[in-house]
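Novice: Quick one: structure below, then a few questions.
Throughout, read-outs are computed from the coordinates displayed, never taken from laboratory work. All values reported here derive from a predicted model rather than from experimental measurement. Here the Cβ positions follow ideal geometry from the backbone for every residue, glycine too, while neighbour counts run over all protein chains shown.
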Amino acid sequence: MKYYVDDELCCIVHKAKDWNHGLDFITPDEEFIQVGTWWYESGKELDRHYHNRVSREADLTQETVIVLQGSVEVALYDLKNVLTKTFELKGGDFAVFLRGGHGYTVREDDTRIVEVKNGPFLGVNIDKTRF
């Protein structure tokens, strides 16, 4: 599911039921964070590789949260900090936040979430604005 605000892609939600076989990148190539899923059968071999050092410029932190267990309610805000949508992520779901704001409320004890974002991290006072 993709959420747009003023024709700008703000968030991509991938539910446990949304998986596709093979390699499935869900983010557009031009985004700073690249998120894809893998679904293969036993014995599948992926080419050995490493990633080349290539200069890239990113002026926006983008974030992915992956719910391993439990649940979290997500509040999605537009570019003017106006609440536009709330939704729940449960174990096996994840969301990619590309622009706009977001907030979280943990809904179950022992909820476990992995957060991934582009870096480097420059500190809370530089990287974040709370509203």
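Novice: Within the stretch 64-93, track down each residue that is among the β-branched types (Val, Ile, Thr) and either within 22 Å of Phe32 (Cβ to Cβ) or within 16 Å of the chain's Cα centre (by Cα) (or both).
Specialist: Thr64, Val65, Ile66, Val67, Val72, Val74, Thr84, Thr86
Novice: Scan the stretch 81-97 residue by residue and report those that are assigned to a strand (DSSP E or B) and under 24 Å from Asp29 (Cβ atoms).
Specialist: Phe94, Ala95, Val96, Phe97
Novice: If you take the residues of the stretch 98-131 that are among the hydrophobic types (A, V, I, L, M, F, W, C) and part of a loop (DSSP other than H, G, I, E, B), which of them is surrounded by the fewest Cβ atoms within 10 Å (Cβ to Cβ)?
Specialist: Phe131
Novice: What tally of residues in the stretch 81-94 results from selecting those that are touching a residue at least 40 places away in the same chain (Cβ under 8 Å), out of contact with any Phe, Trp or Tyr (no Cβ under 7 Å at 6 or more places or on another chain) and of a type outside the set (Gly, Ala, Ser)?
Specialist: Total meeting the criteria: 5.
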